[in-house]
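Beneath this line is the structure, given in structure tokens, with notes to follow.
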């Protein structure tokens, strides 16, 4: 599955910025691939791109309309249909990270078939995967792991990719979630794969490569999350990471969506991830920590970074506040 | 999903006993629910049941024909179709544990719809599951875990259920694989669930229950298998087991299907399973070991059981050779 660039980002009638966070992520991380945004009446989000009509976007070469909006339940709103139909009719594909499928809407499926366009539901992998072999692959791999869900793994992964490129390293971003896939233009939504094939799908996502090449793989969930740890472990085994970066948000009251479940200690989380990863790569090592300190004042954030670094003896960054250079130095050194 | 009993076991043209091992398992563990077997020309398997035609089976009340044969690739053979059609026409449902779906065969789907019968593909869960909550449930749970795949987890689980019933305990078998589901008449094929819902499906399979009740849950895979550990971890977290029984086959050269991967030490496997299980049940404890010594002479088998028991300080049984009484004594005590 490959999503053709450049993009028109569809923000629909998003009532606020949060409802369009997929579009924000795509606009932030692949700005050069985004020709503009399409907003309907009532839209209160803004991805900071030129406003374009479908016809204008098609006229300057947009190849895919990205549904960059999420509502409760992940439904496609019927009010979006005229714009989506028009995009198909003007020669664009449509890609969506919503839970409900574009292909389940007969109105869109019929138009797409007639116009020879693709409807791409990135949350629903269509490929058939093999069961993982465990065979060690050539090239190098880094995987972000987390103490919890939604602590900044995708952001950290993309920041690492950018910093490694800036340093001249041979690197590819490997996306495992819907926003990451829209940014990369390809990938596998790993939590939507049939359970037997979690590790196999990651092996396919990150195949043999040149000896100096790095695949930088977006992590999902946490080994310590009571709902999703199976996904995280299968991803860890399939990735065969040489390097792990642990992502964490310091002041969470409990595991996301699971009151009563405390976040693990960073030491325990590193030990558990390294131990599990060494099943498929005996050299797997945590090379540093990425703290998401977004909701701390600067002084407290700096202190948290400093204390964590001193306590664990590993470089500790905030991908937004400090950048990830100290982590990349570990890889390049 | 509930599979109506009693059954007619379909052995088709199975060339040998191994090809009909699903039927063997069903005949062994729910003999009273099996009215007979149906064998086509060329069949060299025998489940030890009376041979019946479809009409004879229907006449004595068979409600479901069980496809109890597997061929390479898990396909439905076209030579089976006349018998399967006839079963539908005579009022039976059909249940299959094959990889390929009954419902994908238009000839069968059409007849089933016309006759108002069910086609049940037990490998393909049809229910929508919630994400796991991690909420502790009432009642007690035992889960079998393994050093590897195919070491005797289903057999051990069913032997435990039988021995617990014989002792008068309040117990239910919970099936997580295709043969187990056909035996139980319900269950979830856990390795076929979408990855996000592994633990949630197990929570649904084993709901709140009476305080003296035991769910005895069939394990899958191994935390140490490079292909399937994600399934095993999600199952472990969703099961919230009070008691674990570790299943092992002593003389395997390497992990099944994964040359180069050694089997874990029993001590390490117990420690890893207990540590992971305690995320959702802090009291989770391994209460004993089930060795599959089928391919050892009796004296060597007894020695292996004795040595393992002495080394680990836990009761060690072979579910076939010695029975599981010492394990049940631990639960009832």
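Can you say whether residue A:186 is within 14 Å of chain B (Cβ to nearest Cβ) and either within 20 Å of residue A:128 (Cα to Cα) or in contact with a strand residue (DSSP E or B) (Cβ under 8 Å, 6 or more places away or on another chain) (or both), as far as the supplied structure shows? Answer is no for this residue.
Residue B:180 meets each of the listed conditions (1) surrounded by fewer than 24 Cβ atoms within 10 Å (Cβ to Cβ); (2) within 30 Å of residue B:78 (Cβ to Cβ); (3) touching a helix residue (DSSP H, G or I) at 6+ places or on another chain (Cβ under 8 Å) apart from (1).
Take the conditions in the same structural domain as residue B:197 (by TED's automatic domain parsing) and out of contact with any strand residue (DSSP E or B) (no Cβ under 9 Å at 6 or more places or on another chain) and apply them to residue B:219. Does it pass? So residue B:219 fails the test.
Flag set for residue B:231, criterion: within 14 Å of chain A (Cβ to nearest Cβ) and under 17 Å from the mean Cα position of the chain (by Cα).
Looking across the stretch A:280-293, the residues that are within 14 Å of chain B (Cβ to nearest Cβ) and touching a residue at least 60 places away in the same chain (Cβ under 8 Å) come down to A:280, A:281. Could you tell me whether any residue of the stretch B:69-91 is in contact (Cβ under 8 Å) with a residue 24 or more places away in the chain, under 29 Å from residue B:125 (Cβ atoms), assigned to a strand (DSSP E or B) and out of contact with any helix residue (DSSP H, G or I) (no Cβ under 6 Å at 6 or more places or on another chain)? Among the residues of the stretch B:69-91, not one is in contact (Cβ under 8 Å) with a residue 24 or more places away in the chain, under 29 Å from residue B:125 (Cβ atoms), assigned to a strand (DSSP E or B) and out of contact with any helix residue (DSSP H, G or I) (no Cβ under 6 Å at 6 or more places or on another chain), which makes the answer no.
On inspection, residue A:144 passes the criterion of being surrounded by 24 or more Cβ atoms within 10 Å (Cβ to Cβ) and either at positive phi or away from every other protein chain (no Cβ under 14 Å) (or both). Tell me, yes or no, whether the stretch A:78-91 has at least one residue that is more than 26 Å from the chain's Cα centre (by Cα) and at positive phi. Within the stretch A:78-91, one or more residues are more than 26 Å from the chain's Cα centre (by Cα) and at positive phi. Number of residues in the stretch B:98-109 that are more than 14 Å from chain A (Cβ to nearest Cβ) and within 23 Å of the chain's Cα centre (by Cα) equals 3. Counting the residues of the stretch A:297-333 that are assigned to a loop (DSSP other than H, G, I, E, B) and touching a residue at least 12 places away in the same chain (Cβ under 8 Å) gives 9.
With respect to the stated conditions, residue A:237 is within 14 Å of chain B (Cβ to nearest Cβ) and touching a helix residue (DSSP H, G or I) at 6+ places or on another chain (Cβ under 7 Å).
Does residue B:196 qualify as being more than 20 Å from residue B:273 (Cα to Cα), buried (at least 23 other Cβ atoms within 10 Å of the Cβ) and within 14 Å of chain A (Cβ to nearest Cβ)? Judged against the criteria, residue B:196 is a match.
Does residue B:31 satisfy the criteria of being surrounded by fewer than 18 Cβ atoms within 10 Å (Cβ to Cβ), within 26 Å of residue B:150 (Cα to Cα) and in contact with a strand residue (DSSP E or B) (Cβ under 8 Å, 6 or more places away or on another chain)? No: the conditions fail for residue B:31. Kindly indicate whether residue B:269 is at pLDDT 95 or above, within 14 Å of another protein chain (Cβ to nearest Cβ) and not in a loop (DSSP other than H, G, I, E, B). For residue B:269, the condition - at pLDDT 95 or above, within 14 Å of another protein chain (Cβ to nearest Cβ) and not in a loop (DSSP other than H, G, I, E, B) - is met. The single condition from (1) out of contact with any helix residue (DSSP H, G or I) (no Cβ under 8 Å at 6 or more places or on another chain); (2) buried (at least 21 other Cβ atoms within 10 Å of the Cβ); (3) more than 14 Å from chain A (Cβ to nearest Cβ); (4) in contact (Cβ under 8 Å) with a residue 60 or more places away in the chain that residue B:161 fails is (4). From the list A:19, A:23, A:62, the one residue that fits, being touching a residue at least 12 places away in the same chain (Cβ under 8 Å), part of a helix (DSSP H, G or I) and buried (at least 24 other Cβ atoms within 10 Å of the Cβ), is A:23. Can we say residue B:324 is out of contact with any strand residue (DSSP E or B) (no Cβ under 9 Å at 6 or more places or on another chain), crowded, with 17+ Cβ neighbours inside 10 Å and away from chain A (no Cβ under 14 Å)? No: the conditions fail for residue B:324. In this structure, residue B:112 does not qualify as away from every other protein chain (no Cβ under 14 Å), closer than 26 Å to residue B:320 by Cβ and buried (at least 19 other Cβ atoms within 10 Å of the Cβ). Scanning the stretch A:116-138 for residues that are more than 14 Å from chain B (Cβ to nearest Cβ), surrounded by fewer than 16 Cβ atoms within 10 Å (Cβ to Cβ) and in contact with a helix residue (DSSP H, G or I) (Cβ under 8 Å, 6 or more places away or on another chain) turns up just one, A:127. Give the residue that is surrounded by the fewest Cβ atoms within 10 Å (Cβ to Cβ), with candidates limited to residues of the stretch B:242-260 that are within 20 Å of residue B:291 (Cβ to Cβ) and within 14 Å of another protein chain (Cβ to nearest Cβ). Checking each candidate, the answer is B:254.
The values are calculated or read from the model by the stated rules, or taken from the named source; none is laboratory data. What you see is a predicted model; the values in this text were computed from it and never measured. When we count neighbours, we look across all protein chains shown, and the Cβ atoms used for this are built from the backbone with ideal geometry, even at glycine.
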